[in-house]
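Here's the structure we're looking at; comments come further down.
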Amino acid sequence: MPSQTNSLITIMEAVRGTDGQIVDFVYKLANERALAMMGLTSEQVVGHRQSILFPYVKTAGIFDELVAVVETGQPQQSERYYNAPGFEAWLDTNYIKVNDGVCAFSYDLTRLRKSEQERQAQTDLLERVMNTTPTAIVVHESVRNAAGEIVDFRMTRVNQVAADLLHKSADQIEHRLISQYFQGVMDVAQFARYCTVAETGEPARFEAQLGNGWYDFSVARLGDGIVVAAQDISAMQAYRHELERTNHELKRSNENLQSFTYVASHDLQEPLRKITSFAAILNNQYAGKLDPSVADIIRRINGAADRMRLLIQDLLTYSQVDAPVARLQKVNLNTLLKELTDNELWAAIYQSKASLQLGELPVLLADPFQMHQLFQNLLSNAIKFKKPGVAPQVTVTARLVDKDAIPGELRTAGEADAPTGSQYHEISVADNGIGFDEKHLDQIFQMFQRLHGRSQFSGSGVGLAICQKIVERQGGVITATSRPGIGSTFRVYLPTRP
């Protein structure tokens with residue numbers, strides 16, 4: 001018996017009981033392939049009973065097949081999966097009678113069956129993916145001419161999403177040519193993309209309109225064909241168009257804002273300068289000669305012009321907060337506040353006899369000009385809104401806090417512009433002034449909203465709106481606590497930056 005055959009060959013002889021019935025088989029021969037499959041040597045197999053070596057043969061029905069071959073002389077054929085300790089195989093076996101025994105020729109199908117299982121698993125996986133994904137998927141098979149060129153594609157597999165998209169059942173779509181099904185719909189460029197993917201294996205992705213919707217197409221090679229996945233992006237496309245429209249309007253708004261800035265900084269202020277100049281000429285030339293009522297009118301003209309100038313300047317400042325910053329710079333708040341108190345705020349501090357207590361303040365990475373505007377407004381308000389006959393006392397302090405320390409309703413206000421990180425600088429400006437009822441907290445940060453008349457306190461009603469816009473532009477938030485007659489504390493939260 002050749003030992004190099006691809007078959008597993010064993011010869012077994014029947015073992016009969018006292019009544020002549022077959023009770024077992026004993027191995028008489030096993031070739032090398034069979035021994036290798038068993039994981040045993042010839043000495044461990046030949047001369048030994050089958051039931052001892054492989055007890056499962058009786059429960060698996062193999063023993064009954066062997067007995068039938070010996071008793072009837074009729075060959076038997078069966079394919080079985082064997083799974084025993086140290087032994088796993090698919091075998092296709094033919095049994096033939098040899099004397100009072102059986103010769104078994106087995107062919108090892110293990111590799112073939114495992115390959116089939118893997119293919120089936122892949123098929124099942126593809127089936128599950130195709131039936132559960134919200135994406136339309138169509139598998140195409142290349143149709144080639146005699147020269148081997150792709151001239152069409154045949155749709156061989158369509159998932160339910162694709163069928164619904166095409167308003168047909170899968171049976172009505174599968175095995176149809178795309179040239180017939182999409183006649184007049186698919187353009188030459190899209191067909192060319194399909195051909196390129198099928199020939200080169202290089203995936204492609206593009207957007208195209210199908211019916212009334214827009215879809216994101218992904219194409220990949222699959223065998224001698226392609227698989228096409230189409231994701232509905234109609235909503236995204238509509239959002240994109242809306243975003244483009246909004247950006248266009250924003251651009252136009254910015255252009256209008258730039259025009260306003262020019263008008264505010266030049267054209268609107270020029271008449272004011274002339275009004276105050278003419279009023280000054282009248283006052284100088286006719287000093288002491290004017291009727292008191294006329295002098296009062298001139299004084300009112302100057303006051304109105306000053307308020308108008310202040311309003312224009314504040315509006316101009318407010319409009320420029322959103323202007324892009326070339327780059328952020330280190331701003332030492334200790335130095336900044338010292339410069340403010342020595343220059344812009346000196347007269348107000350001197351006239352009100354205000355005392356300022358400045359704690360140790362941080363160095364920020366920010367826009368220096370905007371930080372100047374922010375703290376000038378906050379300190380100016382702390383000095384201005386004082387109680388009659390009481391000198392202002394203003395305290396400025398700072399500390400590092402976690403994001404959780406920011407009042408909950410404010411946490412998301414500046415997050416869009418905030419850097420990654422969870423710590424913030426909390427900078428407090430506290431005063432002993434007139435204070436306000438906290439029910440007006442939202443109102444005080446709105447444009448032109450005043451809690452007091454101009455006869456009591458000067459100003460345009462824009463200052464705190466500027467402060468809020470600056471702080472939010474820096475990725476932070478601003479809030480305040482106050483009690484009427486006790487004073488106010490404004491807290492600015494600015495994110496730490498690396």
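Just so it is clear, none of the values below were taken in a lab; they were calculated from the coordinates. This is a predicted model, so every value here is computed, not measured. Cβ coordinates were reconstructed from backbone atoms using ideal geometry, including for glycine residues, and neighbour counts include every protein chain displayed.
Suppose the chain between E116 and Q285 were pulled fully straight at 0.36 nm per residue; how much longer would it get relative to their current alpha carbon spacing?
Working: separation 169, 0.36 × 169 = 60.84 nm, distance 11.06 nm.
Here the segment from E116 to Q285 would lengthen by 49.8 nm.
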Extension gain (nm, one decimal) between E199 and E43, 0.36 nm per residue minus Cα-Cα | 50.4 nm
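Could you grab the Rg to Rh ratio for segment 116-262? Cα atoms only, Kirkwood for Rh. List each step's numbers first, then the result.
Values: Rg = 20.4 Å, Rh = 17.6 Å.
Value, to two decimals: 1.16.
Students often get this wrong, so check it: of K251/K469; K387/K439; K274/K469; K289/K353, which have C-alpha atoms separated by over 28 Å? All intermediate terms of the calculation are to be shown ahead of the outcome.
Values: K251/K469 20 Å; K387/K439 20 Å; K274/K469 32 Å; K289/K353 37 Å.
Exceeds cut-off: K274/K469; K289/K353.
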How large is the Kirkwood hydrodynamic radius of segment 69-203, in angstrom, based on all distinct alpha carbon pairs?
-> 19.5 Å
Sequence of M155, M37 once ranked by neighbouring C-beta atoms within 10 Å, starting from the fewest | M37, M155
